[in-house]
Amino acid sequence: MHTIFRMEALTTLVKQIADALAQAGIPYQVVGSFAVYLHMMPVDPEAAHVTPKVEIVIDVRHLGQLASTISQTGLAFKGNADGLIIRAREVEPGLAGVIEIYTCVWPRFPEPVRSTSGILVAPIDFVVQEMLKRKRLEDQLLIKDLDWARLITPEIVSLLPQELQTRLAEVRATK
């Protein structure tokens, strides 16, 4: 029960940030493990989990608006030296983790989809492809979760380059 409450609190926080970005006209989308979580929740909520980091990407052209937009949410944040990552720490006791907002050149990212919670999230085929490229253990585990929930469809596999299809087969073969 405590874990579910924390995930609800985290989802509420991400929704708060997403709403602020949308209201300011800043295109965004959630990527990484939280994107997997948002895709899995409607399919298999018991299996949905995340790492302690939520990643949100925004268009670099909106970097100047980002600090004021985030500060309006009442969250504490700090940027790194080049201003590309902002860490927003939740003030609720017991909710560990950070939300990292990355900037990017937007055309590199596909059109996001709206999750059941209303948050814009990278499409599942893009999430799978990026996780297979990174080859990290946490990404392999998330790929296995997506596979377990049958979200990696034959259509998604057919869209992967051969190298990533091979990588997916390797991940599927691990125990």
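Laid out as a table, the results:
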{"quantity": "Residue satisfying all of: in the range 19-32; buried (at least 22 other Cβ atoms within 10 Å of the Cβ) and outside any strand (DSSP E or B); modelled with the highest pLDDT among these", "calculated": "Leu21"}
{"quantity": "Neighbours by Cβ (under 6 Å, 6+ apart or cross-chain): first from the range 34-55, free of Cβ contacts under 8 Å to residues at least 60 places away in the same chain; second assigned to a helix (DSSP H, G or I) and of a type in the set (Val, Ile, Thr)", "calculated": "Val54/Val14"}
{"quantity": "Qualifying residue in the range 30-48 (condition: more than 22 Å from Gln140 (Cα to Cα) and under 16 Å from the mean Cα position of the chain (by Cα))", "calculated": "no"}
{"quantity": "Residue check for Val57: within 27 Å of Lys133 (Cα to Cα), modelled with pLDDT of 80 or more and touching a strand residue (DSSP E or B) at 6+ places or on another chain (Cβ under 7 Å)", "calculated": "yes"}
{"quantity": "Residues of the range 132-167 satisfying the condition of being touching a residue at least 40 places away in the same chain (Cβ under 8 Å), surrounded by 17 or more Cβ atoms within 10 Å (Cβ to Cβ) and assigned to a helix (DSSP H, G or I)", "calculated": "Leu142, Asp145, Leu146"}
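The values are calculated or read from the model by the stated rules, or taken from the named source; none is laboratory data. Values in this document were obtained by computation on a predicted structure and should not be read as measured data. Note: ideal-geometry Cβ built from the backbone for every residue, glycine included; neighbour counts use all protein chains shown.
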